[in-house]
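> Structure incoming, see below.
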Amino acid sequence: MDPTDTVQCASSSSAPANEQMLISVVTKFGSKGATDADLEKLFPNWTPDMRVTILNKLIAKGFIDIFNSGGNLVYKIKDTSQGAEKLKGADNEEKVVFKIIEEAGNKGIWIRDIRFKSNLMPTQLNKILKMLEGKKMIKAVKSVAASKKKVYMLFNVEPDRSLTGGAWYCDQDFETEFVDVLNQQCYRFLQQKKETTVGNKGGPLAVRNASYASPKQVCKFITELGISKVQLSEDDIKTILDTLVFDGKLERVVSTDGGFLFRAIDSLLPPPDLIRMPCGVCPVINNCSYPGKVNPEICVYLNDWLS
Amino acid sequence: MALSYCKLCSLLLTEHFGEVIGKVAEDLQWGPKLLPNIVSSTGLSTAKVKKALAILIQYGFVRYEKSKCPWRAEYIYLPEKVLLLLRYQRYLELIDTKYGEESRLLLEEIMKYGSITESSAILKVVEVLKKDEKSTSDSVIALRNKFHALITGRYLIRCANPCKTEADEPNLSSVPRLTLIEAELHRPAVIDVNVLCKAAEGQTCKPEDIGDANVRWRLNYDRFHQDMRDEMMIDAMRRRFDDNAAELMKQLLQLMYLRTEAWCSDSNPVPVLELKDAISKKSANAYLSQYFEQYLKILEEDSCRFLTKVGTGDVSSAQLCVNMAKAILQLTSTAIENVIEQRFGMKAARIFRLVKTKKFVEQEQIQQLAMISDKEAKQITYKLLQENFLQMQELRKPAAGSGPNKSFFLFHVDLNLVVHTVTEMCHKAIYNALIRSRSELTNHMRLMEKHERLEAASQLLREQGTEQEQIDALVDEWLSLPERNLLESVKKSLEKLKTAEIQIDNTLFLLQLFTYYQHLTMPKITSKKKSQIE
Ligand code: SF4
């Protein structure tokens, strides 16, 4: 990922998450280091105070170093060998476990796999993991795919999207309402865009083209709307727009530059006539027969509908 | 034949033609039978069964054929024709808008009798007109022209007649063979108009004198269905784009019929230039003519794929094809998605579309792509699976021996099966509506009878010249207020149920079209052309 990409950041409430995010960002800047201005750009919704508090915490914990380059403050990640340094006094088993976890990268590794790789007894392994965790050298992360499965990774590594689920998850829970609201708003945006084209006399092609929007435009609209506490990327919005395509409300075409364009469309048919009668949506239609216990003569759905 | 389908057809027949006919038809639903077999299994008298069969044959609900022993006919039930009874209302409306009221009356007479000669249809309508005091001296001629218009419009078709010359066949069989020459299908019979006029004025004359005694006409359902199908496609265009696009579609369909048989799955190409000409000439729609090319482009590029352009290059050489089968496929999918949306909710429709687009997907992918929480996605998927809207395919991993991960499950959509499911639902819903109407009627039998008697009485009084106010006062006296309210509500219920039946039949129509095209495009049966002579 290009370090200048806007980083997704969780809401301010989760301080440790913020710390981790900051670490991962600073890591990406490498030996050059990140300036205050860089951080401000990447975390637009952090107040300066907040940023300073988090930085101070991290410096105190020894994860980040602060340097002065040409009058500017730059933050650099402390050499990762710090892990090794800390491990100096540790025994071989601990070193092996640490190595295994380090290799797993941002995907993490499951405790069972660590056991297989290290050939350690479960009790011993547990002890070691606890200790490493206590020293803030590794951390346990729950995966959204399997909520019971914990994976371990180095403390300063940002977990992969496949583990956190990206913007749609908050503490392993899928944010149904959030997604639904976004879904509605995206549709509203495109719907409005389409409505503005009505009465356009520039010919049907112009009308149609005016109703297209790229994910970028939609993303901008959603950001300006301010309904999301989380920064949403274009890809996130595209995922939402795709769900609308599956809802049959949008049409997707490939644009000339290879991206996708979306447009609100109307269904080809009015709601079918079958469902105008209660039987069309009846939950017990398979059990309904005449003569029988459930039958149209005494059916309450029909009673309601007819009266 | 599915049970719900059989039940529906027999019920329809019973409602329209009475118990006996319903019973005979029900007896035939298991397969062709000989007359004595019907008699013995229904327990009706031979005369009654014979009469019932004659009526059924006249309406085209049953046909007969030589059985294994050549001097005996066996009777074959055609339930799909029975179901069309629900659609008669639509046919009448269609003719009414296209040809006007008199044509509708003519059609109504043909429907009443199933099949009828031209002259008797005309005479009957003249009588109706006389009653309403609308008949004029030249109404016979006018009606005859209307009738011919219906024939040339192919809405009517000749019934087959028994072979006249038995000479070329060894006289083994006494079962008449029905034959019809293709050229005669839509050729009006020669009628002695003078005799007909006289008959219309009330003079008695022998049917032989009129000259069309053995030329009977019946409805050509395919033609009606063709119109209904076109209307549906045009409406779809209107919904998706605007009136101009609908107009373009309409003109295109008309041009298509010049060179393509109405029920092909794909049309033969129509030159774009010709379409352009037709539009600028026939429809005084300047906007459409001005932006003709653009409209063509957006129609062609739309995801519904009703048209395709063949031949590249400019307008002068390009040609257009109408993808009938694809269009119907699109419309059917849309209808089914709508049904799912209403039955199981928006998210279920999303999952259904998703699975349909992706062909084969795993549960996990469904959750990720549909953006629905894990639990809910599972719930919906399995609900759809249970109700037959989704299918599941198990794939075994070749290497894995045992354990929970040895196979994975893919979901997919088999539209044929889904259409089948929805068709069953439609049958059942219509059946339920019919049963309910019947029970409404029987529950309030006394009231209805009273109402009928009152109507008859007040009609009588009116004819005797009693003032309308007086009659109203009398009726008020006879019917108490609660009775009147009840009567109103029963009537409303019946009305509602009736509309529901007809509406559901609309859905059914689309599904039938789908099934037809599906059979047509299946490679094996392509040679089986839909013949117009059943
Ligand atoms: S009659 Fe009532 S119970 Fe039966 S299918 Fe219709 S709505 Fe359902």
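> Which one, A:P48, A:N72, A:I23, projects farthest toward the positive side of the charge dipole computed for segment A:17-77 from Cβ point charges (K/R +1, D/E -1)?
Of A:P48, A:N72, A:I23, it is A:I23.
> If you don't mind, another one. Dividing the Cα radius of gyration by the Kirkwood radius, what Rg/Rh value follows for segment B:75-127?
Ratio of gyration radius to Kirkwood radius: 1.04.
> Turning to a different aspect of this structure: Dipole of the protein assembly as shown (Lys/Arg Cβ +1, Asp/Glu Cβ -1, origin at the Cα centre): which of B:L395, B:L434, B:Y75 lies farthest to the positive side?
B:L395
> Right, something else. In debye, nearest 20, what is the charge dipole magnitude of segment B:223-322 about its Cα centre with +1 on Lys and Arg Cβ and -1 on Asp and Glu Cβ, if you could check?
My answer is approximately 100 debye.
> Quantify how strongly other chains surround peptide B:430-442 by giving the mean number of their Cβ atoms within 10 Å of each of its Cβ atoms.
5
> Normalised by the number of residues in chain B, what is the relative contact order in percent for Cα pairs under 8 Å and 6+ residues apart?
11 percent
> Using per-residue counts of other Cβ atoms within 10 Å, averaged over each peptide, order B:289-299, B:45-55, B:328-338 from highest down.
So the order, starting with the most tightly packed, is B:328-338, B:289-299, B:45-55.
> Mind checking the full-extension length gain between B:Y382 and B:D414? Use 0.36 nm per residue of separation minus the Cα-Cα distance, one decimal, nm.
Once the chain is fully extended between B:Y382 and B:D414, it gains 10.0 nm.
> Per DSSP helix of 4 or more residues, -39500 (n - 2.57); summed, then divided by the residues of chain B. What does that give at 222 nm, rounded to the nearest 500?
After summing the helix terms and dividing by residue count, I get -20000 deg cm²/dmol.
> Charges only on Cβ, +1 for Lys and Arg, -1 for Asp and Glu: so what's the dipole of the protein assembly as shown about the Cα centre, in debye to the nearest 20?
That gives the protein assembly as shown a dipole magnitude of about 2820 debye.
> Can I ask one more? Return one whole number: the accessible area per residue of chain B in Å², for a 1.4 Å probe.
51 Å²
> Moving on to the next point. Which translational diffusion coefficient, to the nearest whole µm²/s, is obtained for segment B:418-518 from the Stokes-Einstein equation, given a Kirkwood hydrodynamic radius over C-alpha pairs, 20 °C and 1.002 mPa s?
Stokes-Einstein gives a translational diffusion coefficient of 130 µm²/s.
> Ok, one more. Using only protein heavy atoms and a 1.4 angstrom probe, determine the accessible area buried between A and B, summed over both sides, in Å² to the nearest 100.
Protein heavy atoms only, the A-B interface buries about 5100 Å².
> To continue, here is another question. According to a simple spin-label model (label point 7 Å from Cα along Cα-to-Cβ), what is the distance in nm between B:R177 and A:V284?
5.7 nm
> Roughly how many debye, to the nearest 20, is the charge dipole of chain B about its Cα centre, given +1 on each Lys and Arg Cβ, -1 on each Asp and Glu Cβ, and no other charges?
2000 debye
> Counting partner chain Cβ atoms within 10 Å of every residue's Cβ in B:503-512, what's the average?
Per residue, the average neighbour count from other chains is 4.
> Another question, if that's okay. If I model a spin label as a point 7 Å beyond the Cα along the Cα-Cβ vector, how far apart are those points for B:T442 and A:M50 in nm?
7.2 nm
> While we're on this one: I'd like to compare B:120-132, B:6-18: which one has the highest average count of other Cβ atoms within 10 Å, and what's the full order after that?
Going by the mean number of other Cβ atoms within 10 Å, highest first, we get B:6-18, B:120-132.
> If I take R0 = 41 Å and measure r between the Cβ atoms of B:E261 and B:E364 in this structure, what FRET efficiency does the formula 1/(1 + (r/R0)^6) give, to the nearest 0.05?
0.30
> Anything over 20 Å Cα to Cα? Flag those among A:K28/A:K95; A:K41/A:K220; B:K130/B:K198; A:K95/A:K149, in the order listed.
Correct reply: A:K28/A:K95; A:K95/A:K149.
> Could you work out, residue by residue across A:280-288, how many beta carbons of other chains sit within 10 Å of that residue's beta carbon, and then give the average as an integer?
Across the residues of A:280-288, the mean count of other-chain Cβ atoms within 10 Å is 5.
> Now for a separate question. Among A:V96, A:M153, A:P122, pick out the residue whose Cα is farthest towards the positive end of the charge dipole of segment A:92-165, where Lys and Arg carry +1 and Asp and Glu carry -1 on C-beta, about the Cα centre.
Value: A:P122.
> Considering the Cα trace of chain B, what is its radius of gyration and what is Dmax, both in angstroms?
Gyration radius and largest Cα-Cα distance of chain B: 28.2, 95 Å.
> Please find the FRET efficiency linking B:T499 to A:Y169, where r is the Cβ-Cβ separation and R0 is fixed at 35 Å, and quote it to the nearest 0.05.
The formula returns an efficiency of 0.15 here.
> Roughly to the nearest percent, how much of the accessible area of the protein assembly as shown is carbon and sulfur, given a 1.4 Å probe?
52 percent
> With a 1.4 Å probe and all protein chains kept in place, how do B:S40, B:S4 rank by accessible area, largest first?
From most accessible down to least: B:S40, B:S4.
> In addition: Once label points are set 7 Å from the Cα along Cα→Cβ at both A:A60 and A:E297, what is their separation, rounded to one decimal in nm?
8.1 nm
> Still on this structure: Ordered by packing density, taken as the mean number of other Cβ atoms within 10 Å over each peptide's residues, highest first, how do B:223-235, B:429-441 rank?
Taking the mean over residues of other Cβ atoms within 10 Å, the ranking is B:429-441, B:223-235.
> Still on this structure, I have one more. Straight-line reach from A:K293: which lysines have a Cα under 28 Å away, not including same-chain ones fewer than 8 places off?
B:K7, B:K23, B:K383, B:K428, B:K491, B:K492, B:K496, B:K498
> Turning to a different aspect of this structure: For segment B:264-377, how many pairs of lysine residues have a Cα-Cα distance under 28 Å, where the two are 8 or more positions apart or belong to different chains?
So the count works out to 27.
> Calculate, in nm to one decimal, what B:Q319 and B:H519 gain on full extension: separation in residues at 0.36 nm each, minus their alpha carbon distance.
Extra length from B:Q319 to B:H519 when fully extended: 69.3 nm.
> Can you give the FRET efficiency to the nearest 0.05 for A:A37 and B:R396, using r as the Cβ-Cβ distance and R₀ = 60 Å?
The value I calculate is 0.55.
The values are calculated or read from the model by the stated rules, or taken from the named source; none is laboratory data. All figures in this text were calculated on a predicted structure; none of them were measured in a lab. We place every Cβ from the backbone using ideal geometry, glycine too, and count neighbours over all the protein chains shown. Accessible surface areas use protein heavy atoms only, side chains included; no ligands, DNA or RNA. Shrake-Rupley method; radii C 1.70, N 1.55, O 1.52, S 1.80 Å.
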